[in-house]
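S.K.: One structure coming up, written as structure tokens, with questions to follow.
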Amino acid sequence: FCPICTLPIPLQMNEHSSFMTCCMKQICLGCVLTAQKRGMFDCAFCRTPTPIAGNDADVLTTFQTRVAKKDPQAILYLGRAYYHGTFGLQKDTRRAFQLYTEAAELGSVDALFSLGNAYEDGVVVGQDMAKAAEFWTKAAMQGHVPARANLGWLEGQKGNHDRAARHFLISAKMGHKRSLETIKNCSWQGLQPKSSTRRH
């Protein structure tokens, strides 16, 4: 949900919103545009001047300030920066995993999803599909749509087609396009997908 207009942000959220590093809020593009039409080019939520594009040092300083205050969203995004090696940071997947764990302990649903992905990928920790399913289930129970879709994919791989269909139907109703495509492409005689549609 957008913290300004309180309307749900459609999936894929990154296509319909802007992430503000100053306050760690996801603002819908409608609110960003409205603020800009009124002459406000700072953050639409907290009114902090936005860092100049390409100035990684300012963004990283903002992240670290919020991390020091135990902001779970900031911890998650710092973890993603370490995972991908962005904002001038050296790629460090172990540090990213630690930050995901800390963010999840502080209540970040996205961090639970990222932990599930880490166990599924097996890059940082050994591949453990049971642990991946555990984290995706925790995230899905709190409304995380891509986690729900991943559970559908996992159940389909196990041959539990009824459970897979339920997961895909729930995530499709919540706006996940790939789940809808998976449902469309399934032959309803056993729900065998014609093409593999997996992961966020």
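The values are calculated or read from the model by the stated rules, or taken from the named source; none is laboratory data. Because the structure is a prediction, the values reported are computed rather than measured. Don't worry about glycine lacking a Cβ; one is built from the backbone with ideal geometry, like all the others, and counts go over all protein chains shown. The protein model used for the area step is the full one, side chains on, heavy atoms only, and it has no ligands, DNA or RNA in it. Shrake-Rupley method; radii C 1.70, N 1.55, O 1.52, S 1.80 Å.
S.K.: Could you order peptides 59-68, 171-180 by the average number of other Cβ atoms within 10 Å of their residues, highest first?
M.R.: 171-180, 59-68
S.K.: Students often forget the sequence filter, so: which lysines lie under 21 Å Cα-Cα from LYS131 once same-chain residues fewer than 8 apart are removed?
M.R.: Counting by Cα, and skipping residues close in sequence, LYS131 has these lysines nearby: LYS158.
S.K.: Reported to two decimal places, what Rg/Rh ratio describes the stretch 1-103 when computed on Cα atoms with Rh from the Kirkwood expression?
M.R.: 0.99
S.K.: If you don't mind, another one. Once you put a point 7 Å from the Cα of LYS70 and another 7 Å from the Cα of CYS5, both along the Cβ direction, what distance in nm separates them?
M.R.: 3.5 nm
S.K.: What does the highest-first list of 101-108, 39-46 look like by mean Cβ count within 10 Å?
M.R.: 101-108, 39-46
S.K.: On to the next question. Can you give me the accessible area per residue for the stretch 81-170, using a 1.4 Å probe, in Å²?
M.R.: Spelled out: the 1.4 Å probe surface of the stretch 81-170, per residue, equals 48 Å².
S.K.: Using Cα springs under 10 Å in a Gaussian network model of the chain, which residue among THR21, THR48, THR93 shows the largest mean-square fluctuation?
M.R.: THR48
S.K.: Let me check I have the definition right: for the chain, take the eigenvalues of the Cα gyration tensor, multiply each by 5, take square roots. What are those semi-axes in whole Å, largest first?
M.R.: 32, 22, 13
S.K.: Which far-off residues, 5 or more places away or on another chain, put their amide H under 5 Å from the one on LYS25, with H placed in the peptide plane?
M.R.: Those qualifying (amide H under 5 Å, at least 5 residues apart or on another chain) are MET20.
S.K.: Which percent of the accessible heavy-atom area of the chain goes to carbon and sulfur, probe 1.4 angstrom?
M.R.: On the chain, the fraction of accessible area on carbon and sulfur atoms equals 52 percent.
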